[in-house]
Structure formats: C-alpha cells, structure tokens
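Enquirer: Please read through the structure below; I'll follow up with questions.
Since every read-out is calculated from the coordinates, none of them should be taken as a lab result. Bear in mind that the values here come from a model prediction, so they are computed numbers and not experimental data. Cβ: placed from backbone, ideal geometry, glycine included. Neighbour counts: every protein chain shown.
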Amino acid sequence: MDNQYIKELIQRLDDTEIWKGAGQMCKDYDEGIRFLTDTFLAYKKDTARVFFIGNGGSAAIASHMTADFMKNGGMNTYSLYDSSVLTCMGNDYGYASVFSRPMEFLVNERDLVVAVSSSGNSPNIVSAIETAKKKKTMVMTFTGFKRDNRAKQMGDINVYVPCEKYGIVESIHNLILQQIVDMIMEQDGVAL
C-alpha cells in the first residue's frame, strides 16, 4: 500500500524547524529535541509552573500534555480548561481573553507558557502570549501554516511545522511533546 499521508507526515516532521530564539535554528531534529527536553527539565528542576494552551485539536493536545507532563514527567503543570473558568472568561471578557485574563493572575516570570496553535494566529493565543510577555514569562510556541504567523514571531522558543494541513501539524505537535515527556521519564523519572 502506498500511503501518501504517512509519507507527507514523515517529510513534514523532517522539515520541522526548532528555534532556540530569533535567528537560532537547531541544526537538526535531534539537536532540537534535546534542546526542548533540556528546557523542560530546567523548569522541572526549578519546580516552576508550565501552562499549556490551545484551541480545538490543539486544546486537546494542551490538555493531554498538561496531564502527561504532570503524571509522567513529574512537573508542575496547570490547566486553564476548567469549564466554569473558561466560560466565565469568555462570557465576561470575550473569547480572545479566555487564556490571557486568568494568566494575568496566575503566571509569573519563573513559569513557562506552551502555546499550541496550528495557524499561530488565533486571537486568544496571541493575547495570552502578549500577557505572558508583559509578565516576563517564557513562551514556547508550537505552530504551523504560514512561516510568519504571529505566535511564532512572539515566542521565545518555537517549533514550526511547515504545512497547512491541520491533521499533520497537530500530529507532529503531539508527537514531539510526547517524545519530550518520554525522554524526561527516561532521563529523570517522575520524582519532584
């Protein structure tokens, strides 16, 4: 069977860019994964908090990773997906503020915000990143679609999948984050 979808998925994974910062792209996937894993391990060592955010399929990834990084990675992760809080923020401040308003109260400069967004242009993700930046919080983005998407331009660390297919972008984001959790477990276990 000739599965073009899997071939494209593998090609896009090979083409994924991992940026340490402006102008500092990792030379290959292995260097990028090691850098991302080391970044998460540093936050774990400092017992800092990690907030995962996203919409739709990216919300599912964010929620899943909140659980996995806590349970399997032994990290202080926090979810902004409590339905009462999410609907309160959306109702009172508008959907563009569902993450940024709680983050105004919760995040600080020791924390990490992981923003997962296929397009990188969702107003609530952009607003959350703006809030994180005001609070001097580190931002790691997982995006795709257009190379110049807003989230990627604003992130301190960026994982960019050069593809405009939701399924492929989301699958790669999930795969990379799951690999990082597995590497943390292998290297450091789950003990805090």
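Enquirer: Given Cα pairs under 8 Å that are at least 6 residues apart, what percent is the relative contact order of the chain? Write out the running numbers ahead of the final one.
Expert: Values: 350 pairs, mean separation 48.0, N = 192.
Relative contact order, the chain: 25 percent.
Enquirer: While we're here: As an exercise, use a Förster radius of 30 Å and the Cβ-Cβ distance of Asp28 and Asn121 to find the FRET efficiency, rounded to the nearest 0.05. Don't jump to the answer; show the numbers that get you there.
Expert: Values: r = 28 Å, r/R0 = 0.92.
After rounding to 0.05, the efficiency reads 0.60.
Enquirer: Once you order the gyration tensor axes a ≥ b ≥ c over the Cα atoms, which shape class does segment 73-192 get: rounded for a/c under 1.5, otherwise prolate or oblate by comparing a/b with b/c?
Expert: oblate
Enquirer: Let me ask you something else. Of the chain, which part is the longest with no GluC sites (Glu not before Pro) in a loop (DSSP not H, G, I, E, B) and with at most 16 other C-beta atoms within 10 angstrom? Write out the running numbers ahead of the final one.
Expert: On the way: sites that count: Glu109, Glu164.
Of all site-free stretches, the longest is 1-108.
Enquirer: For Lys146, project a label point 7 Å along Cα to C-beta. Then give me every residue of segment 94-115 with its amide nitrogen under 20 Å of that point.
Expert: 96, 115
Enquirer: I would also like to ask the following. Calculate, in nm to one decimal, what Phe35 and Asp82 gain on full extension: separation in residues at 0.36 nm each, minus their alpha carbon distance. Kindly include the intermediate steps, with their values, before the conclusion.
Expert: Working: separation 47, 0.36 × 47 = 16.92 nm, distance 3.09 nm.
Residue separation times 0.36 nm, minus the Cα-Cα distance, leaves 13.8 nm.
Enquirer: In the neighborhood of Gly90, defined by Cβ-to-Cβ distances under 15 Å, what is the net charge if each Lys or Arg adds +1 and each Asp or Glu adds -1?
Expert: Numbers: positive: Arg101; negative: Asp82, Asp92.
Around Gly90, the surrounding residues sum to -1.
Enquirer: Provide the net charge surrounding Lys152, with neighbours chosen by a C-beta distance below 10 Å and charges set as Lys +1, Arg +1, Asp -1, Glu -1. Display every interim value, and only then the final one.
Expert: Values: positive: Lys146, Arg147, Arg150; negative: Glu17, Asp148.
Once positives and negatives cancel, what remains is +1.
Enquirer: Let me ask something else about it. Taking only C-alpha pairs under 8 Å that are 6+ residues apart, what is the relative contact order of segment 66-126 in percent?
Expert: Values: 35 pairs, mean separation 14.2, N = 61.
Result for segment 66-126 is 23 percent.
Enquirer: At 7 Å along Cα-to-Cβ for each site, give me the label-to-label distance between Lys45 and Phe105 in nm.
Expert: Those two pseudo-labels are separated by 3.3 nm.
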